[in-house]
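Down below is the structure, laid out as structure tokens.
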Amino acid sequence: MNMRSYKPLSVAVLFALAACSQQQDQTAAAPAAKPEKPAAAPATADLGAASTLKASDIDTSIKPCDDFQGFVDKKWLAANPIPSDRSSWGTFEMLDERSLSAQKGIVEGLANAKSADGTVEQQVGDFYASGMDEKAINGTPAIDKLKPLLAPIDAIKTSDDVVGYL
């Protein structure tokens with residue numbers, strides 16, 4: 001990791017340490033931050049920008065020494081509810097969806113491209129296209145495809161036929 005990736009974490013730790021260093025018996029509440037409107041769960045195709053830690057995501061109405069998770073995560077959890085088709089939702093699930101979406105875009109692009117014969121791009125594109133061709137897959141019932149292979153077995157009537165088949 002480079003130094004830039006440590007900055008958001010450093011800011012969060014500094015906020016927590018600064019708040020913890022204040023006296024615990026201090027009862028003055030911090031000014032409430034302007035409430036954010038909860039957003040719907042991101043769609044699979046459009047996950048928006050990558051999740052990053054921002055100072056505005058910190059819930060200053062919660063004392064970090066009392067509830068550090070709420071201090072850091074409450075606003076993010078409110079803005080990113082669990083989608084109805086999931087049992088959990090978080091940054092790793094968002095990363096997984098973003099990765100799957102990128103992979104799908106790559107193989108669909110290769111399936112639609114006119115790559116040179118024999119290249120990896122052409123083979124991957126053809127493989128993906130063959131798996132997505134529902135009409136060809138469902139066009140001929142499986143039993144019709146198996147009949148030529150089963151015909152010699154159906155012709156077996158005696159034990160000599162079994163020997164001949166084997």
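Viscosity 0.890 mPa s, temperature 25 °C: what is the translational diffusion coefficient of region 59-166 from Stokes-Einstein with a Kirkwood Rh over Cα pairs, rounded to a whole number of µm²/s? Write down the numbers at each step before the final one.
Working: Rh = 20.3 Å.
Using the Kirkwood radius from Cα pairs, D works out to 121 µm²/s.
Enumerate the amide H contacts of Thr60 below 5 Å, restricted to partners 5 or more residues apart or on another chain; note that Pro and chain-start residues carry no placed amide H.
Close amide H contacts, sequence-distant or interchain: Ala33.
Which of the trypsin sites (Lys or Arg not before Pro) found in region 94-164 are loop residues per DSSP with 13 or fewer other Cβ atoms within 10 Å of their Cβ?
Details: sites: Arg98, Lys104, Lys114, Lys135, Lys145, Lys157; in loops: Lys114, Lys157.
Qualifying residues, ordered by number: Lys114, Lys157.
Each value in this text was obtained by applying a stated rule to the coordinates, not by laboratory testing. Source: prediction; values computed, not measured. Here Cβ is always computed from backbone atoms with ideal geometry, including for glycine, and neighbour counts include all displayed protein chains.
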